[in-house]
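Just below is one structure, and these are the notes that go with it.
The values are calculated or read from the model by the stated rules, or taken from the named source; none is laboratory data. Note that this is a predicted model, so its numbers are computed, not measured. Neighbour counts run over all protein chains shown; Cβ positions are idealised from the backbone, glycine included.
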Amino acid sequence: MKITAAILSITTFVGAAKCSLALDRALLDQATNGATQHNWWEFGLGDPIADEVALFYLGHTYFQGADIGEVLETIYRTNHTDPRSWHDEFTKTAERLEAVGKEFEDEGHDLTAGQSFLRAATYRRASLHRHPDPFHEEVPIVTQQAVDNFEKFLALTSYPCKAVQIPYEDTTLPGYLCINRNAANPAPLIIYNQGKDGWMEDGKNVVDEAMQRGYHVLLYDGPGMGRTIRLQGLPFRHDWEKVVSAVIDFAIDQPQVDGDNLALISLSLGGFLAPRAACFEHRLKALVPNPGVVSWHRVYESELQLLASAFGFGPEIFELLEDDPAAFDEEVLKMMSTSDFLHWGFVDSMWHHGVDSPSTLMNELKKFDIVDLMGNITTATLVVDADAETRAQAWELYEGLTGAVKKDYLKFSADEAAQFHDQPGAMGIQSARIFNWLDEILETRAVLEDESTVSKLAASAAPRGICSIGGAVVLVTLVLSWTL
Ligand SMILES: *[C@@H]1O[C@H](CO)[C@@H](O)[C@H](O)[C@H]1NC(C)=O
Ligand SMILES: *[C@@H]1O[C@H](CO)[C@@H](O)[C@H](O)[C@H]1NC(C)=O
């Protein structure tokens, strides 16, 4: 019982919030032995990551990255006592969508083909979310399939992102540069920075939102993330300014981008990485850590403490880590051997951080701390928190931002069904509140580049009523108003 409780709360190691969704009565009854009390986020899948990831992918329906029945039916098929089952079932769904996409493409229906490949890409990524062995030879193959599906979506639709390679040290980082066709250039750019489990493609919601405003977007997978860890083998690093500065160098080289109006949005572990970068990198105009983290190490420490106590350890587990790392590793390996979930959680974290033992993981994570540095952040910052957040120190970051030109604190609430880590399933209110803030910080230009941009802008932004009179009138109106 005690161990189960601890396992249920060891969500850090899987980078996920304790949430799930109760939509299917039979599933629920099976998991709760017929008990009727349940929360709206509980599927009762018997495993916290499955529940949480379900809500995360259901949230992708907000931006056409998934569909409700496809996600629920896939998870319904999953056998949660079989560690490969999650991967296998999402693979089947991805293959089905790929086949449908090819069929539509052959028939000449490019748009619907592209939409199908977009969902297939999501299900390929979902299949890897919980792969039992990150070193398995199929992982890079499935990664490439996820990438290919997303790029088929781009190629078959007019979605405004194109693949780019961002120069980084002696290699490159993959990215998508999404140029807003309606923007007055040079325009603000939003840089999207995922966390441990997310991929840059999960940022499509940010692109959708930005395209309805005047912004461009740069999605990228830094070291440790998405395809960068799986295809290039680059793990996370604590000195994230090395990454963000390379990304900014690339961004400001793009002629459409206004280098004085750069925003960095970051999620999960990114809620540590982005502020860390901003301690050294001062070219950003806006920073959104979601959630705000000053020490990612502390997050792991408290989860380890919980886990250890379920196995009869007190705080001496940390003494063991200090005094005898080999003995510490042995104890953790014993804990890992009691559950597929714990085994996966530790292996996954070690792999993302490029280390090969629990003790080296804990020591590596000590570097993920900006308590003594955060006063150096000058960027306007929106620190995000949430009612049920367990992996952040958002208020501490907010208070520590003594040098920021502006700072705000935003707490997502249970009242708005947005209480979990990164607001899975609450994309609507999440984007609304974050973009409302960005819209007040970022400045769009009053100078337009060329006539075609002018007419498009006019069509989307001119005062109602004028558009129907005709493009010429709109142009004249706009030109007059600039002159004044
Ligand atoms: C679920 O997986 C377990 C472990 O692999 C297996 O023993 C069991 O038969 C599976 N259940 C079903 C319904 O396939
Ligand atoms: C942070 O600010 C202090 C005080 O201005 C300065 O001495 C230090 O070099 C800064 N550190 C960084 C990393 O910029």
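List of remarks:
- Only a single item in (1) closer than 29 Å to ALA54 by Cα; (2) surrounded by 19 or more Cβ atoms within 10 Å (Cβ to Cβ) is not met by HIS136, and it is number (2).
- The stretch 263-282 - residue that is within 12 Å of the chain's Cα centre (by Cα) and aliphatic (A, V, I, L, M) and, of those, farthest from VAL217 (Cα to Cα): LEU269
- Residue in the stretch 340-348 that is surrounded by fewer than 20 Cβ atoms within 10 Å (Cβ to Cβ), closer than 22 Å to LEU438 by Cβ and either β-branched (Val, Ile, Thr) or touching a residue at least 60 places away in the same chain (Cβ under 8 Å) (or both) present: no
- Residue within the stretch 123-130 that is part of a loop (DSSP other than H, G, I, E, B), buried (at least 21 other Cβ atoms within 10 Å of the Cβ), within 16 Å of ligand 1 (Cβ to nearest atom) and under 22 Å from the mean Cα position of the chain (by Cα) present: yes
- Checked against (1) under 25 Å from PHE346 (Cβ atoms); (2) surrounded by 15 or more Cβ atoms within 10 Å (Cβ to Cβ); (3) at pLDDT 50 or above, THR81 passes all but condition (2).
- Set side by side, the residues ALA210, ALA184 differ, and just one is farther than 30 Å from GLY108 by Cβ and modelled with pLDDT under 95, which is ALA184.
- Evaluation of GLY44 against (1) free of Cβ contacts under 8 Å to residues at least 12 places away in the same chain; (2) more than 16 Å from ligand 1 (Cβ to nearest atom); (3) farther than 26 Å from VAL206 by Cβ (one fails), failing number: (1)
- The single condition among (1) within 16 Å of ligand 1 (Cβ to nearest atom); (2) out of contact with any Pro (no Cβ under 9 Å at 6 or more places or on another chain); (3) under 22 Å from GLU201 (Cα atoms) that HIS87 does not meet is (2).
- Count of the stretch 181-204 residues which are outside any helix (DSSP H, G or I) and surrounded by 22 or more Cβ atoms within 10 Å (Cβ to Cβ): 14
- When VAL244 is tested against (1) within 21 Å of THR360 (Cβ to Cβ); (2) buried (at least 21 other Cβ atoms within 10 Å of the Cβ), only condition (1) is not met.
- The numbered conditions (1) crowded, with 19+ Cβ neighbours inside 10 Å; (2) in contact with a helix residue (DSSP H, G or I) (Cβ under 9 Å, 6 or more places away or on another chain) are all true for LYS411 except (1).
- Taking the listed residues THR402, THR379, the one that is within 16 Å of ligand 2 (Cβ to nearest atom), of a type in the set (S, T, N, Q) and loosely packed, with under 15 Cβ neighbours inside 10 Å is THR402, with no other qualifying.
- ILE75 passes every criterion in (1) within 16 Å of ligand 1 (Cβ to nearest atom); (2) under 19 Å from GLU201 (Cβ atoms); (3) among the hydrophobic types (A, V, I, L, M, F, W, C) apart from (2).
- ALA404 meets each of the listed conditions (1) part of a helix (DSSP H, G or I); (2) within 30 Å of ARG433 (Cβ to Cβ) apart from (1).
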